[in-house]
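Single-structure report; data block below.
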Amino acid sequence: MNAIKMVLFDLDDTLLHFDDYWEVSVKDAFRNHFYTRDLDADELFEAFHHAEQSLVKKLDSQQITFDEYRTQRFLVAMDQMGQPTDIETAIDFEMFYQSLSKKHMKPNLMINQMIKDLLNQYQVGILTNGTRGWQTAKLEAMGLDRIIPESNVFISEVIGHEKPSPEIYHYVLRTTSLQPEQVLVVGDSWTNDVAAPIRAGMKAIWLNKKNVQVPQAPRPLAVIAEIEELRAILMSETLLQHREP
Ligand SMILES: [Mg+2]
């Protein structure tokens with residue numbers, strides 16, 4: 001068995017939880033953006049949240065791209081509110097929301113320490129779907145940019161492919177010169193962080209926070225409910241035995 005050399009984390013909802021900053025940031029943006037400030041922020045949030053839930057399914061099945069997902073949730077919500085608008089306003093809102101949300105994202109000291117400890121034994125990287133500017137801003141807000149080497153941060157916009165396209169995992173392998181089985185992907189998306197990387201020959205650990213039923217196949221190395229559980233798994237003797245001297 002080939003030892004794990006790199007732990008590759010998904011970012012959104014794996015290291016940085018949407019629920020921790022999303023609602024407060026979106027409502028902050030609704031209350032202050034020129035197109036939405038006269039509307040009821042709570043009511044608009046409901047419409048936005050509803051639109052988001054149906055669009056995320058389309059995103060997961062690759063019917064829409066990440067950019068489309070982010071603008072459409074605003075367009076659909078504004079339709080719902082009887083204030084239809086255009087793509088330029090949706091993009092402007094998205095940029096505004098992003099600039100506000102940085103102040104609502106906080107470093108998670110437990111996660112940051114765990115990654116520092118993992119770095120004693122492994123290379124650590126990030127594999128995330130999104131834009132360079134936005135994903136980098138999140139890493140900076142969390143203090144992860146100072147812990148994880150920039151050369152190990154893989155962002156779909158920069159690579160030109162999104163998870164779960166096979167190309168994005170192959171890109172990581174080419175760039176790191178690692179064998180597929182030396183890379184362990186950890187993330188909350190079964191499709192993006194478990195099934196697709198395993199198909200590319202990598203290993204995977206699924207963060208199943210919502211405790212949904214685990215699909216029969218493929219088999220991840222482990223299924224965890226909290227990211228903290230990684231510490232015990234990745235520093236356990238079972239895996240260490242497989243590490244090369
Ligand atoms: Mg995720």
- Message: List the residues, sorted by chain then number, that are 5 or more residues from residue 8 or on another chain and whose placed amide H is less than 5 Å from its amide H.
- Response: 125, 184, 185, 186
- Whole-Hz Karplus ³J(HN,Hα) for region 160-174, in order, using 6.51 cos²θ - 1.76 cosθ + 1.60 and θ = phi - 60°, x for Gly and Pro? x, 9, 10, 4, x, 5, x, 4, 5, 6, 5, 4, 4, 5, 4
- Note on the structure: For region 101-109, in residue order, the Karplus 3J(HN,Hα) values (coefficients 6.51, -1.76, 1.60; θ = phi - 60°; whole Hz; Gly and Pro = x) are 6, 3, 6, 9, 9, 10, x, 9, 5
- Just the projected area, averaged over all directions, of the convex hull on the alpha carbon atoms of region 125-198: how many nm²? 4.6
- Query: Semi-axes of the chain's equivalent ellipsoid from the Cα gyration tensor, sqrt of 5 times each eigenvalue, largest first, rounded to whole Å?
  - Reply: 35, 18, 16
- Query: At a Förster radius of 35 Å, what calculated FRET efficiency corresponds to the Cβ-Cβ distance of residue 99 and residue 229, to the nearest 0.05?
  - Reply: 0.55
- Please provide three numbers in whole Å: the alpha-carbon extents of region 3-83 along the principal axes, with the largest listed first. 57, 27, 17
- Query: Once Lys and Arg get +1 and Asp and Glu get -1 on their Cβ, which of 36, 90, 11 lies farthest toward the positive end of the dipole of the chain?
  - Reply: 11
- Task: Starting from the amide H of residue 13, placed 1.01 Å from N in the peptide plane, find each other amide H under 5 Å away whose residue is 5 or more places distant or on another chain.
- Result: 18
- Task: Report, in whole Å, the centroid distance computed from the Cα atoms of region 62-132 and region 9-55.
- Result: 10
- Message: Ranking request for peptides 175-185, 119-129, 216-226: highest mean number of other beta-carbon atoms within 10 Å first, then the rest in descending order.
- Response: 119-129, 175-185, 216-226
- Loop only per DSSP, at most 10 neighbouring Cβ atoms within 10 Å: give me the chymotrypsin sites (Phe, Trp or Tyr not before Pro) in region 13-65, ordered by residue number. 34
- Task: Rounded to whole Hz and in sequence order, give me ³J(HN,Hα) for region 208-215 from the Karplus expression 6.51 cos²θ - 1.76 cosθ + 1.60, θ = phi - 60°, writing x for Gly and Pro.
- Result: 9, 4, 8, 6, 7, 4, 7, x
- Residue-normalised 222 nm signal for the chain, counting each DSSP H run of n ≥ 4 as -39,500 (n - 2.57), nearest 500 deg cm²/dmol, is -14000 deg cm²/dmol
- For residue 154, the residues 5 or more places away or on another chain with a placed amide H closer than 5 Å to its own amide H are 126, 127, 128
- Message: Pairs on different chains or at least eight residues apart, Cα atoms closer than 17 Å: how many lysine pairs in the chain fit?
- Response: 11
- Rounded to the nearest 10 degrees, what's the angle between the helix 132-141 long axis and the longest principal axis of the chain, both from Cα atoms, 0 to 90? 80
- Task: Relative to the longest principal axis of the C-alpha atoms of the chain, give the angle of the C-alpha long axis of helix 66-80, reported between 0 and 90° and rounded to the nearest 10°.
- Result: 30
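All of the numbers you see were taken from the coordinates with simple rules; none came from a lab. Not measured: the values here are computed from a predicted model. When we count neighbours, we look across all protein chains shown, and the Cβ atoms used for this are built from the backbone with ideal geometry, even at glycine.
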